[in-house]
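The structure appears right after this line, and notes come after that.
Here, each number is a calculation from the coordinates, and none is a lab measurement. Bear in mind that the values here come from a model prediction, so they are computed numbers and not experimental data. Here the Cβ positions follow ideal geometry from the backbone for every residue, glycine too, while neighbour counts run over all protein chains shown.
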Amino acid sequence: MTDFERSLPIILEFEGGKVDDPTDPGGRTAFGITQRTYDGWRSSAGWPIHDVYTIEQTEVAEIYLKRFWERGRCGTLIWPLSLLHFDACMNHGTEPKKADGTLKINAARLLQRALLLDGREIDGVLGPQTVMLTTLTPIKELCDRYLLERFFRYDELVDANPRLAKFYSGGWELRLEKLYRIVYT
């Protein structure tokens, strides 16, 4: 079993179901896939656009693999860091820059912060140097720091938009606690 195959059911526990919460910046989602992501996926394959609520499980798995696992380079990391990074890719994104060219706080940037790069550039790109540095830190220590960086990021998001507070205690905090338990089992 690959780390992706091992990770996907865990992520789907967090992302399962259909949601259309007006306070969620992701908007209408099914199994963690936003309508915009689903539209882009179908368009890039030359298929007609459908409501995300009609998404099939094979599409969910393929989108997770291509748009999050592979784009996030999760497979270059060892277990359980690969799981934590995959989950962060789902929640924080994989792209290092916004459309306007400014840096984005994405999953790789959070991982780089957890690595305590001491003067090295935090660019939001999971390149060979970042991957190599993950092998020089004891894995559980790095996982602890990565989860902590994610807690800090959620705090920043709630500070910037207090309407997101319901997602903090209702989901984000529980998600990170479960991931922490997985790291230590």
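Quick notes on this structure:
- Label separation (Glu173 vs Thr137): 2.5 nm, computed from points 7 Å beyond Cα along the C-beta direction.
- Modelled spin-label separation between Thr2 and Asp155, with each label point placed 7 Å from Cα along the Cα-to-Cβ direction: 3.7 nm.
- Gain on full stretching of the segment that runs from His50 to Glu121 - 0.36 nm per residue minus C-alpha separation: 21.5 nm
- Working from Cα pairs under 8 Å separated by at least six residues, relative contact order for the chain is 15 percent.
- Sparsely packed GluC sites (Glu not before Pro) within segment 116-167, loop by DSSP, other Cβ within 10 Å at most 13: Glu121
- The mean of 1/r over all distinct Cα pairs in the chain, once inverted, gives the Kirkwood hydrodynamic radius of 17.0 Å.
- Gyration tensor verdict on segment 28-126 (Cα atoms; rounded if a/c is under 1.5, prolate if a/b is larger than b/c, oblate otherwise): prolate
- Gyration tensor (alpha-carbon) shape descriptor, segment 79-146, a/c threshold 1.5: oblate
- Positive minus negative residues near Phe86 (Lys, Arg vs Asp, Glu; Cβ under 15 Å): +1
- Taking trypsin sites (Lys or Arg not before Pro) across segment 45-142, the ones in a DSSP loop with at most 14 further Cβ atoms lying within 10 angstrom of their Cβ are Lys98, Arg120.
- Calculated FRET efficiency for the pair Glu95/Thr58, C-beta based, R₀ 22 Å, to 0.05: 0.35
- Which of His85, Leu126, Tyr180, positive extreme of dipole for the chain (C-beta unit charges): Leu126
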